[in-house]
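First up is the structure itself, then whatever we jot down about it.
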Amino acid sequence: VDMFNQTATLVRERESTRRALDDQKFALDQHAIVSITDTQGCITYANDRFCDISGYAREELLGQNHRIIGSGTHDAVFFETMWATICQGRVWHGEICNRKRSGALYWVNATLVPLKDEHSQVAQFIAIRTDITARKAAEAEMAVAKEAAEQANRVKSDFLANMSHEIRTPMNGVIGMTELVLDTDLTEDQRDYLETVKSSADALLLIVNDILDFSKIEAGRLRIESIEFSLEDTLRDTMHHLDLPQFGGHLV
């Protein structure tokens, strides 16, 4: 009787363990793409999700080397590193691009786990993968958009630099000629008008230089300078620009 009870208990425990493993396998199969291979990479197990995403029937996968879904995207070093890792009994994580039976590509986030036998030797590998094709497509679109934005920014910076250069050349001519005229005999009103012209031209040249500074900021080449100035003179010049006949009177 005791032997019978012990046997029955052992059977129940084994049945409970088998059900637990079946439940775990079912849960994993609902989420992940799962396959098992021998040490040569030949497929010995493929779950339904693997068949669905690859487009191969299970009988087409079993016995085939995992290279059947190779995409040619990765170089030899990629796979050499992967195989060196799992053959040493260590888990490998990475992203792999595979090819469907139809020829279409798909990306997976993969975890490859080496399974050892009773002698602690690697006997087979289990691959657990999730489909990340949509995420990789979004990343590619973002990269294209980023490159387009950077190209547009470079074009804008080149335009600002060229425009600033083209404006600076005639402005220097205006300022230079104004200074030459100021060295001649002038009436008080003429001198006042020409000094206003020169001051305005100098202000416009500063604006052009500021435009160039924006390009320098974007390129990370802006150098900050500390220059003394007279606040009184600056305010006087600013008000003087407004103290013109067309504005209808004197403001200072």
* To do: Would you please give the residues with an amide H less than 5 Å from that of Gly55, counting only those at least 5 places away or on a separate chain, with H modeled from the backbone geometry?
  => Arg101
* Each residue of segment 58-64 in order: what ³J(HN,Hα) in whole Hz does its phi give by Karplus 6.51 cos²θ - 1.76 cosθ + 1.60, θ = phi - 60°, with x for Gly and Pro? -> 4, 5, 7, 8, 4, x, 8
* Accessible solvent surface per residue of segment 87-214, calculated while the other protein chains remain in place, 1.4 angstrom probe, Å² -> 65 Å²
* **Segment Asp233-Thr133, length gained on full extension (0.36 nm per residue, minus Cα span)** => 29.5 nm
* By how many nm would the segment from His165 to Ala57 lengthen if fully extended, with 0.36 nm per residue of separation less the alpha-carbon distance? -> 32.1 nm
* Structure fact -> For segment 129-217, the Cα convex hull volume per residue in Å³ comes to 84 Å³
* Structure fact -> If amide H atoms are modeled at 1.01 Å from N in the peptide plane, then the residues at a separation of 5 or more from Ala123, or on another chain, having amide H under 5 Å from its own are Leu115, Lys116, Asp117
* Search the structure for amide H atoms under 5 Å from the amide H of Glu95, placed 1.01 Å from N in the peptide plane, and list their residues when 5 or more places away or on another chain. => Ala110
* **Net charge of neighbours whose Cβ lies under 15 Å from the Cβ of Met82, counting Lys and Arg as +1 and Asp and Glu as -1** => 0
* Structure fact -> Among the Cα-Cα pairs of segment 26-111, the proportion with separation greater than 21 Å, in percent, is 27 percent
* Asked: Hey, which lysines would be in cross-link range of Lys116, C-alpha to C-alpha under 16 Å, not counting anything within fewer than 8 residues on its own chain?
  -> none
* **In Å, descending, principal axis extents of the Cα set of segment 59-213** => 109, 35, 22
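The values are calculated or read from the model by the stated rules, or taken from the named source; none is laboratory data. Please read all numbers here as calculations on a predicted model, not as lab measurements. Heads up, the Cβs are rebuilt from the backbone with ideal geometry, glycines too, and the neighbour counts pull from every protein chain shown. The protein model used for the area step is the full one, side chains on, heavy atoms only, and it has no ligands, DNA or RNA in it. Shrake-Rupley method; radii C 1.70, N 1.55, O 1.52, S 1.80 Å.
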